[in-house]
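Below is one structure; the comments refer to it alone.
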Amino acid sequence: MRQSVKDYLVKIIGRFPLLEPIYEIGSYRVEGQEEFADLRPFFHGKVYVGCDMRPGLGVDRIEDVQCLKSRSNSVGTILIFDTLEHVENVHRAMEEIYRILKPGGMVIMSSVMNFPIHDYPSDYWRFTPEAFELLLKRFEVHEVEFDGDPAFPEGIYGFGIKRYRKGFLGSFVKRIKSLKKRFKYPLSEASSTLFFLTACAPLRSHAPFPILVEAPRAKPVGPYFRPQWGDIPAKGWRIHPRAKPVAF
């Protein structure tokens, strides 16, 4: 652990609210840094889990960052400081970090370039700022910085935030945009409501409530009909032959 890493963490904490739980990857405190490498005081009152490949001081869970045991979308913040240089497959590790982060969750990371070899237990890599940009490109919001000589930096630092738009909400917005392009006539108040409901139709398996759709411009068979199709013809809406009335 380097002092510049702590300084970077303090700066990020001041800029962003960090979601819980907070996982530290590479939390094992090596000899000589038993107290200095402890990051828990920065997160009083928050759920904090130290993870490393070996048991020891600062480790709550044995984890391999290349194959994390946590569920997808379950972790709020991941700290991985001066650890990636010890990971054999860094791209796989970043995929796993992205997988377990919640939407809106953040990874905060650091590594080194101009630094001596330090085997804890193995030392594989050195990173440029551009390498960190590559590792964080899957995150919709990310930043990278460095310290030391611009031609040969000592430390590389960065963070990435996972997108919020996911699942039902993202698909719904996409569906609305698609439908709006296909309407070439003004919508009445009733039709506008039906337009909204129809946009939800293909998403009914993700919705927390039943989705009902009416098909205007067709002979009424009942007030509402269960959605039976996944798309709407460009020239107008048609009742599916197997549609059934829905009773309220």
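A short reminder: the numbers here are calculations on the coordinates, not readings from a lab. As the structure is a computational prediction, the values presented were derived from the model and not from experiment. Counting neighbours? That spans all protein chains shown, and the Cβs are built from the backbone with ideal geometry, glycine included.
For R99 and E31, what is the calculated FRET efficiency with R₀ set at 30 Å and r taken between the beta-carbons, to the nearest 0.05?
Working from the Cβ atoms, E equals 0.35.
What's the exposure ranking of H44, H118, H142, going from fewest to most Cβ atoms within 10 Å?
Fewest to most other Cβ atoms nearby, the residues stand as H44, H118, H142.
Can you sort T77, T83, T128 from fewest to most other Cβ atoms within 10 Å of each residue's own Cβ?
T128, T83, T77
Points 7 angstrom from Cα along the Cβ direction at R15 and N73: gap in nanometres?
2.7
Give me V5, V10, V107 ranked fewest to most by other Cβ atoms within 10 Å of their Cβ, as a rough exposure proxy.
V10, V5, V107
Can you tell me how the stretch 43-162 classifies by the Cα gyration tensor, rounded, prolate or oblate, using a/c under 1.5 as the rounded cut?
Oblate, since a/c reaches 1.5 and b/c is not below a/b.
Sort the stretch 33-91 into rounded, prolate or oblate with this rule: let a ≥ b ≥ c be the square roots of the eigenvalues of the Cα gyration tensor; rounded if a/c is under 1.5, and if a/c is not under 1.5, prolate when a/b is larger than b/c, oblate otherwise.
Oblate, since a/c reaches 1.5 and b/c is not below a/b.
Residue by residue through the stretch 137-151, which ³J(HN,Hα) values in whole Hz follow from phi under the Karplus form 6.51 cos²θ - 1.76 cosθ + 1.60 (θ = phi - 60°), with glycine and proline marked x?
Per residue, the Karplus-derived 3J(HN,Hα) values read 5, 6, 8, 5, 10, 7, 9, 9, 8, 8, 10, x, 5, x, 7 Hz.
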